[in-house]
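Notes follow once the structure below has been shown.
The values are calculated or read from the model by the stated rules, or taken from the named source; none is laboratory data. Nothing here was measured: the structure is a model prediction, and the numbers come from that model. Because the Cβ atoms are built from the backbone with ideal geometry, glycine has one as well, and the counts that use them run over all protein chains shown. Side chains included, ligands, DNA and RNA excluded: accessible areas come from the protein's heavy atoms. Shrake-Rupley method; radii C 1.70, N 1.55, O 1.52, S 1.80 Å.
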Amino acid sequence: MTVKTILSTKGSEVITIAPAATLEEAIAVLARNRIGAVVVVGPEQRVIGILSERDVVRALSEHGASALKQPLSQTMTRVVVTCGETDTVSDLMERMTHGRFRHIPVLEQDRLIGIISIGDVVKQRLGEMERESEQLRGYIQTV
Ligand code: AMP
């Protein structure tokens, strides 16, 4: 099962934000869209960072309320692990487990074409497991 399969059902919409936006504005974007991370893009929509709710918690813990007025570029993660459409769901699980994060933007020739969250991966795996056990049940009934 590949990233392309997941994107074909969930779509390719990605919520993005500019690095000059404040942390307060980024929090509003996360809350309004009910998401856990927002991709930070520079000129030509190139991915230059990612900001997740964990980064928000860390910034507030370290700097208090003053962090809210700072540009989010001070808080975002700059080295972003990405994937391509042909990567498998197992590849993604490996990268998420190893890197301890729950979001991976999907790029095609540096162009942002989607984002996969751990929720998408779990949903996909559950669907696969249900289909497998149905096939097994069907097989057992025939023997
Ligand atoms: P998350 O579990 O996705 O909420 O993120 C946990 C931490 O990993 C935060 O510091 C994020 O900025 C960072 N992070 C999230 N996604 C990625 C990614 N694809 N590549 C690198 N860091 C990430």
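Take the conditions (1) farther than 19 Å from Ser117 by Cβ; (2) over 15 Å from the mean Cα position of the chain (by Cα); Arg78 misses just one of them, which is (2). Among the residues of segment 1-32, those that are of a type outside the set (A, V, I, L, M, F, W, C) and open to solvent by less than 60 Å² (accessible area, probe 1.4 Å) comprise Thr2, Thr5, Gly11, Thr16, Pro19, Thr22. Considering Gly84, Gly127, Gly119, the condition of being more than 25 Å from Thr22 (Cα to Cα), in contact with a Leu (Cβ under 9 Å, 6 or more places away or on another chain) and open to solvent by less than 90 Å² (accessible area, probe 1.4 Å) is satisfied by Gly84 alone. Arg100 passes every criterion in (1) under 13 Å from the mean Cα position of the chain (by Cα); (2) open to solvent by less than 90 Å² (accessible area, probe 1.4 Å) apart from (2).
Looking across segment 33-75, the residues that are more than 18 Å from the chain's Cα centre (by Cα), open to solvent by 30 Å² or more (accessible area, probe 1.4 Å) and hydrophobic (A, V, I, L, M, F, W, C) come down to Leu60, Ala65, Leu68. Selection of segment 1-24 for residues being closer than 13 Å to Thr75 by Cα and part of a helix (DSSP H, G or I) yields Leu23, Glu24.
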